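Worksheet for the structure shown next.
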Amino acid sequence: MKAWVVRAGRGGERAAMALAEGLAIVGWGELGDLSGLGSREQIRAAVADAYPDSSPQVIGNWTGQLWRFIHEMAAGDVIVTPTGGRRIAVGYLDGPYRYRPEADPEMRHVRSVRWTQRDLDRHTVQPDLRDSLGSLLTVFELRRNEAAARLHVLADQAIDPGPSHAHPESARLATPERLQELVQTAMVAEDTVSLTIRELIGIWGHVHRWPSVIDDIQAGLDVLGLATNPSFADISNNINSTVAIVPVGVAPDSGVHVPTAQELPRQADPDEHPVTVRIGQMPSADLGTQLLSVSPGDDVSRAMTTMALNNFSQMPVLAADRRLLGAVSWESIGLANLAGPTALTLDAVIVRPREADADDELLEWIPEIYRRGYVFVRGDQGTTTGIVTAADLTMQLGSQLRPFILIAEIERRLRRIVDRALADGAISLPQIHAVLRGNRRARVNSARDLTLGEYRWIFEDDAVWTALGWGVDAELFAARLLIASTFRNNLMHLNPDLDAEAETELLPLTGLLTMLRSLDYGA
């Protein structure tokens, strides 16, 4: 048994009919009978044909909702419907999808429901599930915190017994729910909620846009009926770039503007983008108005004071529209002073710097950055958005190199430990082959042939672990190997969002390496 929320909408008119006629009703009045469509692709085609101007993300979201309503909802499932104000109705689904051609166009797609509670205060539902009742989606499943079992009791006894034990994810999930509330408030005010990509992924407790993180957040946004514009998954956009949070799950009859294909393109797939790192992906390339500068009319002393106070070696000279006119640096000031001790003007110390487009490949600019010490970055609108210095390169490349070094030493230590155990006869190659999968058995003839993930399988084998005789907790050791293996796999995507300050990501690796150094005796 599952638990579903079907939002009536339409100012209470649809909810009143649903209760009066024992139905769950959804809109999408432009669609005809969907009962003969047995695949998502067929439903998607019908939705796209009926709403040709809607964006691909909107079409995909609506397709998912209709698929759930027609095919996933089953007899005996619990249904909750907000009926207006703070009231809800609860009942049990007891019939298949039907299309009523004679009804109002927005009330033709229905399922039969046996309503057992027709007028409950929504606060009867405890807060961990109550927040979800306000979703932007018309049809969605309530899964967390034993929702189906609890709503079954609610349908029969008009009480929510709450979860059987505390769920650690509840506090974290409250933050995405809060994001949805902000979007709903903004919709009423005809406003927009905007966040940086870093802030967005932080809501879900992440630091980097690993592919698995993108999948996690995209699934979370889908549940909330939200999307981002531009796509947060597009790794060509700097992690400090701003995205708008857009409602895509609202039904077409909600009265809310639904993004068109021109307004909201298809969600980006990170695998479709080249792995080349762009200049614009460097954190200092997208500073916007935080990029300190001087104007053509400023005195040289202002430029010198600003550079001294901020420990800058150079800074841009920008026009009023923030287009680059030149640069001033300690080097240019020193060279101008060689002409004599006369008072310097800003014009006398301005030099013409190089400026890279944000979409340029970083690799192509590295020699120039190291030769000159810096390069300014030009954004899409032609304005100067940031600066990339040799120090930025050193920090960025250093931060990306450190995880590789940690992983490399972990793998070398594991290889030496296993090789020594094989040489000493503590374990045998057949024991290793026994835990490997598929055709890997034929390919592994020594520890050198093992992947980091396969080392975990070996150490999880009771016979191997007993033979090693370590005074280490096997479960904790295997869990840490899994973290290291997962980290390595993510690292191989060369994601440019790696944050040098994210020590929490590297602590599990350094802890594992410290232990391996003690276990790898004699080294």
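Derivation of every value follows stated rules applied to the coordinates shown; laboratory data play no part. Treat the numbers as computed from the prediction; the structure is a model and nothing was measured. Heads up, the Cβs are rebuilt from the backbone with ideal geometry, glycines too, and the neighbour counts pull from every protein chain shown.
Ranked by the mean number of other Cβ atoms within 10 Å of their residues, highest first, the peptides 318-326, 403-411 come out as 403-411, 318-326. Stretching the chain fully between Ser301 and Ala219 yields a gain of 24.2 nm (0.36 nm per residue, less the alpha carbon separation). Remark: region 172-272 is approximated by an ellipsoid whose semi-axes, taken from the C-alpha gyration tensor as √(5λ), come to 21, 16, 12 Å, largest first. Counted over the chain, the DSSP beta bridges are approximately 85% antiparallel. For Ala261, the residues whose modelled amide H falls within less than 5 Å of its own, excluding neighbours fewer than 5 places apart on the same chain, are Ser54, Ser55. Contact order, relative form, for region 281-382: 23 percent (alpha carbon pairs under 8 Å, 6 or more residues apart, mean separation divided by residue count). Between Asn310 and Asp119, the contour length at 0.36 nm per residue exceeds the alpha carbon distance by 62.4 nm. Backbone geometry of region 326-337 corresponds, through the Karplus equation with coefficients 6.51, -1.76 and 1.60 at θ = phi - 60°, to 3J(HN,Hα) couplings of x, 9, 10, 9, 4, 5, 5, 5, x, 5, 5, 5 Hz, x marking Gly and Pro.
Here's how it looks for Gly326: its modeled amide H is under 5 Å from those of Val317, which are all 5 or more places away or on a different chain. Computed from backbone phi, the HN-Hα couplings of region 226-232 come to 10, 8, 10, 9, x, 5, 5 Hz, rounded to whole numbers (Karplus: 6.51 cos²θ - 1.76 cosθ + 1.60, θ = phi - 60°; Gly and Pro given as x). Considering region 282-374, its Cα convex hull presents a mean projected area of 6.5 nm². Entry note, the chain: relative contact order of 11 percent, from Cα contacts under 8 Å with a spacing of 6+ residues.
Here the relative contact order of region 172-272, from alpha carbon pairs under 8 Å that lie six or more residues apart, stands at 30 percent. Close amide-amide hydrogen proximity is noted between Thr116 and Val90, Gly91, Tyr92, each under 5 Å apart and 5 or more residues distant or on a separate chain (H modeled in the peptide plane; Pro and chain starts excluded).
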